[in-house]
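Working notes, structure below.
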């Protein structure tokens, strides 16, 4: 029993343990039954301990200690610190309540059901589905039978997919050469390629650095849906509506699978009547295809130090905000592609816009803003609204209506930022590693190819006894590497400003043609690039007119975003005091401006002090806050599966 | 005792709908579809009745195109034992659905039919009542509480009506339609979704059930509700009276 006391105080002093303990508060239901089984009442022997509830509970010292220890190690073995929620999760269980909470924790949470597969893939996007399809193709070719499971946090396949998109079919031609006959939703070939430099009132046509002949203007969400159907035909099991929230570790520190979210937890952490425990999906190999800044992928990269392994630089990002419009027939020109540089962004902010004409009178229009912008008063969303009023853009949208809205961050790091993608137990594919060709603004084909290469290496490892590390080898010998190598200097050149950037890009593109002897480096990480608010002044953005520009709630409605309201906020603050102590005074609360869904708002409380309010149910899962928060205090974790945006034509 | 639950595949409630350019209906292409929320509540109630030991089997029924099978699979994943899919293309109006359900009742012989009170796409609120009428069974609609008594073979249903709560006692077999506050539907867990793949879904066609798919209703046009016009601020009472009299024609 004394052993028990000392360990209890040890637990009280370590913050993470207390969080675990407070996490167990919602397990209180099962505690009572466990209590009744105990025999002795040690309350008389522990009178010095504070917390009156300690005396009222029937506690059998050592067995409870053992079970508590078991509980803790059970939890710790699963995922390390990933399991311990930061304070946002259970606001009621403050540290002072620790005594009471610790006691109630002495129960064993019902074990999760565990299902085993050969390969578990997290994310049903282009990379994940390509990997799944390739695995099944190899099984057919070589007469093997591997079980493949894909989990997807969106309510259906394609619901969280958003991209420009001018599609280069190179990887799809390799994966599913019959895509045209099988009616893939790829039907609008690129017809024209325009490149404009915008000033406030004019548009100057520049020679287009792009060559999109042979490419198609598509909706990636639609293509991924089609790929999902194809994957299921191959026998892949796809489970949308299930969010992988936890990485499972086995012996030797290797990854053995993932755990899905518990569903049916109320905002205060208690279990609702429809509480369902998550499940463990164990795979002999696990592939992470979560897209840019994947929540689990980031943890993996940090844990296994995958960037340090290959001396890769940090990843840099941009935020893309997009709308799909249905425009007037007379203005519609299927296959027309337009890119712009310049206005509304200033010379120090990298970014540009795109306007692609799809079929059915639909156009995709969007603005991409690099997240290493300096001015904390910048709002990428408002800049996008401004863009639509430009005299060269407005006429195209005149008479049209907005069908959908969405936003997502994308990688801009290129080859310099690719981490070593293999870790014990699996690999990282697609944008979670970061294969976008930034100057070409295309990443779908490289993501798909990376999925295919990983599948080939995985098949070799599982069926033929080779090593998954072969994935790295094949990556570097593939056209992905060749392409990304040639494209490596364009984006970093813009660190020096818009004009030098364009000059160096022109040099690269027209003269050096990718054979440059140097490799430029990235500047500061995005979150460190923000200046303090003092150095800038607030930007006056025009009010939305409701015809071309809109306010955030209207746009958000068009994204079909929905989350179960009564669940803990999935955006966690590592330190809840930082927003009011640092973000607001020093940086003027930039999260209230860069978030394209108005999740973060500073509202005055009863004492007229501004406090951060997190409207987690608005979240578009874009991950901008995880990237741009100056102190990296905001952690994006995955909410209950099935929530988030509902993109269908993005 | 067998319980029959009718479910409908509708546009998901969180989707922002648009009217098709030709005004013939709402755009359903490439739009997320899911089980009608009231049908989910009905299925949940049936599952609770089964878990309480008062029912032996829960059968889920759906009518429509081939994709209805997805909705039935969700129902099976929640816990229904079997599924029945009546394949029919074209628009299905409540009276036709009620006739098909009547035909199925003669085949399956359930003691209780539970349905959602209305579908969120057409808001008809007619099918449950029509089924009860065709079968000559008692009905308890807008149920917010259901208690079954197996020995006495009756159901006590608390209904939400405009005036408050009404409690009815129905002899089984009966039809119950569910309202929002009846229960909180369960999540379909991953293991259950996997098990549901092997559960049986029987297919019928309306011809096999001797029901003719026809309708006395025809949708002529679907338009968006008129946009709210901005208000006008009047400067005096006289101007207000003038506007009420001459523009709004209400006095």
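Side notes on the structure shown:
- Qualifying residue in the range B:161-173 (condition: over 18 Å from the mean Cα position of the chain (by Cα), more than 20 Å from residue B:58 (Cβ to Cβ), in contact (Cβ under 8 Å) with a residue 24 or more places away in the chain and in a strand (DSSP E or B)): yes
- The condition of being buried (at least 18 other Cβ atoms within 10 Å of the Cβ), touching a residue at least 60 places away in the same chain (Cβ under 8 Å), away from chain B (no Cβ under 14 Å) and touching a helix residue (DSSP H, G or I) at 6+ places or on another chain (Cβ under 9 Å) does not hold for residue A:556.
- Taking the criterion of being under 15 Å from residue A:121 (Cβ atoms) and within 12 Å of chain B (Cβ to nearest Cβ), the only residue of the range A:272-287 that qualifies is A:281.
- Residue B:188 crowded, with 19+ Cβ neighbours inside 10 Å, within 14 Å of another protein chain (Cβ to nearest Cβ) and either at pLDDT 95 or above or over 20 Å from the mean Cα position of the chain (by Cα) (or both): no
- Verdict on residue A:305 being within 14 Å of chain B (Cβ to nearest Cβ) and free of Cβ contacts under 8 Å to residues at least 60 places away in the same chain: no
- Test result for residue B:97, away from every other protein chain (no Cβ under 14 Å), within 14 Å of the chain's Cα centre (by Cα) and either buried (at least 23 other Cβ atoms within 10 Å of the Cβ) or on the phi > 0 side of the Ramachandran plot (or both): yes
- Residue satisfying all of: in the range A:252-270; surrounded by fewer than 23 Cβ atoms within 10 Å (Cβ to Cβ) and more than 20 Å from residue A:428 (Cα to Cα); nearest to the chain's Cα centre (by Cα) among these: A:262
- Residue A:589 touching a helix residue (DSSP H, G or I) at 6+ places or on another chain (Cβ under 9 Å) and loosely packed, with under 13 Cβ neighbours inside 10 Å: no
- Qualifying residue in the range B:212-227 (condition: under 30 Å from residue A:258 (Cβ atoms) and either over 23 Å from the mean Cα position of the chain (by Cα) or more than 14 Å from every other protein chain (Cβ to nearest Cβ) (or both)): no
- Qualifying residue in the range A:308-320 (condition: closer than 24 Å to residue A:626 by Cβ, part of a helix (DSSP H, G or I) and away from chain B (no Cβ under 14 Å)): yes
- Identification of helices (runs of 4 or more DSSP H) wholly contained in the range A:450-515 with 1 or more residues that are loosely packed, with under 15 Cβ neighbours inside 10 Å yields A:470-476, A:479-486, A:498-506.
- Filtering A:300, A:238 for residues that are surrounded by fewer than 24 Cβ atoms within 10 Å (Cβ to Cβ), within 14 Å of chain B (Cβ to nearest Cβ) and farther than 30 Å from residue A:352 by Cα leaves a single hit, A:238.
- The selection criterion, being within 14 Å of another protein chain (Cβ to nearest Cβ) and over 30 Å from residue B:17 (Cα atoms), holds for residue B:198.
- Of the residues A:405, A:377, A:373, the single one that is under 28 Å from residue A:598 (Cβ atoms) and outside any loop (DSSP other than H, G, I, E, B) is A:405.
- Out of A:522, A:527, sole residue that is part of a helix (DSSP H, G or I), touching a residue at least 40 places away in the same chain (Cβ under 8 Å) and surrounded by 14 or more Cβ atoms within 10 Å (Cβ to Cβ): A:527
- Sole residue being in a strand (DSSP E or B) and either within 14 Å of another protein chain (Cβ to nearest Cβ) or at pLDDT 95 or above (or both), chosen from A:245, A:221: A:245
- The set of residues in the range A:181-210 that are outside any strand (DSSP E or B), surrounded by 13 or more Cβ atoms within 10 Å (Cβ to Cβ) and under 31 Å from the mean Cα position of the chain (by Cα) comprises A:184, A:185, A:186, A:187, A:188, A:190, A:209, A:210.
- Condition met for residue B:31 (within 11 Å of chain A (Cβ to nearest Cβ), under 20 Å from residue B:91 (Cα atoms) and either in a helix (DSSP H, G or I) or in contact (Cβ under 8 Å) with a residue 12 or more places away in the chain (or both)): yes
- Some residue of the range A:326-341 being within 14 Å of chain B (Cβ to nearest Cβ), within 25 Å of residue A:155 (Cβ to Cβ) and out of contact with any helix residue (DSSP H, G or I) (no Cβ under 7 Å at 6 or more places or on another chain): yes
- Residues considered: A:264, A:269. Of these, the only one that is at pLDDT below 95, within 13 Å of another protein chain (Cβ to nearest Cβ) and farther than 30 Å from residue A:523 by Cβ is A:264.
- 1 or more residues closer than 19 Å to residue A:349 by Cβ: qualifying helices (runs of 4 or more DSSP H) within the range A:534-595: A:584-587, A:591-594
- Lone qualifier among B:73, B:18 - being in contact with a helix residue (DSSP H, G or I) (Cβ under 6 Å, 6 or more places away or on another chain) and surrounded by fewer than 21 Cβ atoms within 10 Å (Cβ to Cβ): B:73
- Of residues in the range B:144-185 being touching a helix residue (DSSP H, G or I) at 6+ places or on another chain (Cβ under 9 Å) and under 12 Å from residue B:113 (Cβ atoms), the one farthest from the other protein chains (Cβ to nearest Cβ): B:173
- Residue match in the range A:535-543 (condition: more than 14 Å from chain B (Cβ to nearest Cβ), surrounded by fewer than 17 Cβ atoms within 10 Å (Cβ to Cβ), within 30 Å of residue A:642 (Cα to Cα) and touching a residue at least 24 places away in the same chain (Cβ under 8 Å)): no
- Residues being away from chain B (no Cβ under 14 Å) and surrounded by fewer than 23 Cβ atoms within 10 Å (Cβ to Cβ) - total across the range A:224-235: 3
- Residue check for residue B:156: closer than 27 Å to residue B:16 by Cα and either in a loop (DSSP other than H, G, I, E, B) or more than 14 Å from the chain's Cα centre (by Cα) (or both): no
- Against the criterion of being over 14 Å from the mean Cα position of the chain (by Cα), within 9 Å of another protein chain (Cβ to nearest Cβ) and either closer than 23 Å to residue B:115 by Cβ or modelled with pLDDT of 95 or more (or both), residue B:15 qualifies.
- Filter result for residue B:218 (within 30 Å of residue B:65 (Cα to Cα) and out of contact with any strand residue (DSSP E or B) (no Cβ under 6 Å at 6 or more places or on another chain)): yes
The values are calculated or read from the model by the stated rules, or taken from the named source; none is laboratory data. Not measured: the values here are computed from a predicted model. Please note: Cβ atoms are built from the backbone with ideal geometry, for glycine as well, and neighbour counts cover all protein chains shown.
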